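Here the structure comes first, spelled out in structure tokens, and everything after it is commentary.
The values are calculated or read from the model by the stated rules, or taken from the named source; none is laboratory data. Worth saying up front: this structure is predicted, and the values here are computed from it rather than measured. Here the Cβ positions follow ideal geometry from the backbone for every residue, glycine too, while neighbour counts run over all protein chains shown. The accessibility values were calculated without ligands, DNA or RNA, using every heavy atom of the protein model including side chains. Shrake-Rupley method; radii C 1.70, N 1.55, O 1.52, S 1.80 Å.
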Amino acid sequence: MLAAAGGPGLNELPLDEARKVPYQMIELGGPEEPVAQLETRVLPGAVQIPVRVYRPSLAANLPALMFFHGGGFVICNLDTHDRACRMLANASGCVVVSVDYRLAPEHKFPAAAEDAYTATRYVGEHPSEFGIDSNRIAVGGDSAGANLATVVAMMARDRVGPSLKFQLLIYPVTDFTEHATQSEIDYGQGYFLDTVLMDWFADQYFATEADRHLPYGSPSKASDLRGLPPAFVITGECDPLRDQGEAYADQMRGAGVPVVLKRYEGMIHPFVSLAGIVDAGRDAIKDSAAAVRQALNATAPAGV
């Protein structure tokens with residue numbers, strides 16, 4: 001269906017036009033589930049960061065999931081990932097805080113990562129503003145957002161806070177230094193996300209080649225992953241990022257981090273954003289919500 005739509009690739013469009021493309025896919029993400037409370041606000045600070053807060057109930061002291069959207073650090077925003085956040089909140093029983101970090105190329109690395117960390121730290125330091133339990137916070141995201149989630153986990157470890165309990169990493173991009181994996185060779189062309197587009201995203205995000213090798217840019221280059229919170233890592237069989245995600249899961253395990261890895265057979269990047277038309281996308285959201293709910297000891301919603 002995507003191939004039949006035709007047209008130029010994102011990397012061939014003017015930036016403002018490329019950023020409109022994800023809006024054409026919103027309806028493919030599944031129903032717009034109602035939540036108990038929805039609030040969009042701007043966090044105060046030197047950089048004002050918009051967030052959207054999804055509450056599955058009005059109960060106090062709920063656990064929280066900080067969510068960072070994908071889009072290669074260049075496209076997408078709160079609206080493009082709204083439906084996934086609604087489903088995650090309802091199915092997990094957690095408050096989901098979706099972060100509208102600054103995008104490249106206007107804001108190069110490490111702007112997105114610093115925004116993601118700053119938002120997470122703010123929520124952790126002001127739990128009463130969000131009705132959450134600051135001792136039960138997870139980070140998560142898809143693709144570039146999963147990169148930011150595990151980078152935030154590294155920053156929280158390195159900067160001594162906030163305390164994070166879990167990582168939800170949906171087909172994470174973890175290495176911007178080369179295209180040497182088997183999945184990039186097998187699925188790097190003709191499966192929606194291709195290596196040409198991956199390179200374009202990286203060129204927008206990084207100002208220098210050296211930045212691509214830094215752990216906060218390419219988490220797989222970290223020399224020490226000890227002390228990161230437990231993780232649930234999702235990959236898709238026909239995603240060029242598959243092997244990166246699975247290798248990173250192995251790296252974390254080797255560092256003593258508890259990891260559950262699940263590969264969804266036959267799936268392309270970004271199948272979770274296609275949950276409205278792809279069964280495995282819905283399954284992955286349910287699996288993600290269950291993993292977060294268990295890790296944060298959240299109360300299961302009725303019917304789950």
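Structure notes:
- Among residues of the range 259-299, those that are within 24 Å of LEU58 (Cα to Cα), modelled with pLDDT of 95 or more and either of a type in the set (D, E, K, R) or in contact with a Cys (Cβ under 7 Å, 6 or more places away or on another chain) (or both), counted: 5
- Flag not set for ALA202, criterion: touching a strand residue (DSSP E or B) at 6+ places or on another chain (Cβ under 9 Å), under 20 Å from VAL151 (Cβ atoms), modelled with pLDDT of 95 or more and open to solvent by less than 10 Å² (accessible area, probe 1.4 Å).
- Test set (1) surrounded by 21 or more Cβ atoms within 10 Å (Cβ to Cβ); (2) touching a Lys or Arg at 6+ places or on another chain (Cβ under 9 Å) - GLY131 fails condition number: (1)
- Residue, nearest to LEU10 (Cα to Cα), within the range 210-229, restricted to residues that are part of a helix (DSSP H, G or I) and open to solvent by 60 Å² or more (accessible area, probe 1.4 Å): ALA210
- In the range 155-169 there is no residue that is aromatic (Phe, Trp, Tyr) and open to solvent by 40 Å² or more (accessible area, probe 1.4 Å).
- Selection status of ARG102, more than 14 Å from the chain's Cα centre (by Cα), within 21 Å of VAL292 (Cβ to Cβ) and open to solvent by 10 Å² or more (accessible area, probe 1.4 Å): no
- From the list VAL35, VAL51, VAL42, the one residue that fits, being assigned to a strand (DSSP E or B), of a type in the set (A, V, I, L, M, F, W, C), within 22 Å of the chain's Cα centre (by Cα) and buried (at least 16 other Cβ atoms within 10 Å of the Cβ), is VAL51.
- Close pairs from the range 154-169: first touching a residue at least 12 places away in the same chain (Cβ under 8 Å), partner open to solvent by 30 Å² or more (accessible area, probe 1.4 Å) and assigned to a helix (DSSP H, G or I), Cβ under 8 Å, at least 6 apart: ALA156/ARG121; GLY161/ARG121; PRO162/ARG121; PRO162/GLU125; LYS165/ALA295; PHE166/ALA295
- Among (1) of a type in the set (A, V, I, L, M, F, W, C); (2) touching a Phe, Trp or Tyr at 6+ places or on another chain (Cβ under 9 Å); (3) surrounded by 22 or more Cβ atoms within 10 Å (Cβ to Cβ), the one test that ALA207 misses: (3)
- Test: residue in the range 171-185 that is out of contact with any Leu (no Cβ under 9 Å at 6 or more places or on another chain), open to solvent by less than 30 Å² (accessible area, probe 1.4 Å) and small (Gly, Ala, Ser): no
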